[in-house]
Structure formats: structure tokens, C-alpha cells
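Please see the structure below; I have some questions.
Derivation of every value follows stated rules applied to the coordinates shown; laboratory data play no part. Keep in mind that what you see is a predicted model, and the values were worked out from it rather than measured.
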Amino acid sequence: MSKKEKKPFYKRWWFIAIVVIVIIGAVGGGKKDDKKMDEVQEATVAEATTESTTEETTTTTEETTTTETTLSAEEAAAQARQEWIESQFSIWDGSHKELTTLIKTNLNDEKSYEHINTVFVDVNSQERVDIVNMKLAALEIDHKVKIGDLFIDTEFSAKNGFNATIKSHAYGVATESDNMIYLLGIK
């Protein structure tokens, strides 16, 4: 006669089902507490904001309206600028869409192009203009950026004329005013 071996309790279906139910309950229960805490925090912030605005309203409604309109216009311009910058880059690998096309047309083997990294500088101040122009001068690129430009540095690998894969940098400028992309050089 053979004796039937019993499985350990932790390998039985009923034990596994209980563990799954407990885990689901723990995860679901934690979310309700988080929502309650968020509601309490929001109510506290709303009360504090109401109290502070009641105490600090010493300006006339005309001054407040003018300030809000100015801030709203500045915020709208900043948001539009940010959206324009974000639209320039691929969400998949961060490469600049149009600059990548320009780079590929200047390569010996377009199919060997592989994007490595792209960084950019939003040229929104005179300080940044000076920094980018100094970098361009150091790279011996005869181009000057101006406020409102977007300076782009793309690192990539591709095959050269000797069929060897090399890493290079391509430098470009995107201008919002005329919506143009310029490939300044590949080094």
C-alpha cells in the first residue's frame, strides 16, 4: 500500500487564496486612508489660504486685477514657450526630431545612425547667450545665438567613410520666431 503524501499547507490552494485576498485588502485599504489624508490636507490649506487672504487684502481691486492680468499673460507666454520646447523632442528617446533628420542627411551611412543623448539650453537670458556663444567659439562654429533660441547638442554614433562606428556630437539651433532648425556642425 502506498501512502499519499500531503502537501505542506503553504502550497495548498486555499492558503494561496487567503494570502492573495489579504494582500489585495491591504493595498486597497491603504488607498482609502491616503484619500482621507489628502482631503484633510486640502481642507487645512484652503482654510489657511482663506485666513491669509482675508488678513492681507489691503490693495484696491484695480491694482489686483492689473497684477493678475500681467501675471496671467506672463504665465501664458511661459507655458506656450514650454510647450513649444517640449514639442521639439521625441518622447521616446529625447532626440530632436528635425535635427535628427538634418544629421542623417549629412552622414555617409544614414542607416547606421544611433541616437545616444540630447541636451539643450533654452537661451532665455543674456547670460545664457554669452555661455552658448563661448561654447560655439570654442568649437570653432561661426554662429551666434540670440535670446529666444534653443541650443541643441546631440550625441550619436554612426559609421564613417572607413565603415568604422564612431561617436560624434551635432550642434543645432531651433528658433521659435521663424520656426527653423539650423545644423551648425558635426564634431
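Let me know the volume per residue of the alpha-carbon convex hull for segment 97-186, in Å³. Don't skip to the end; give the middle numbers.
Working: hull volume 8.1 nm³, N = 90.
That works out to 90 Å³ per residue.
How much of the calculated P(r) for segment 79-138 lies past 16 Å, in percent of all Cα pairs?
Details: 1049 of 1770 pairs.
Result: 59 percent of Cα pairs exceed 16 Å.
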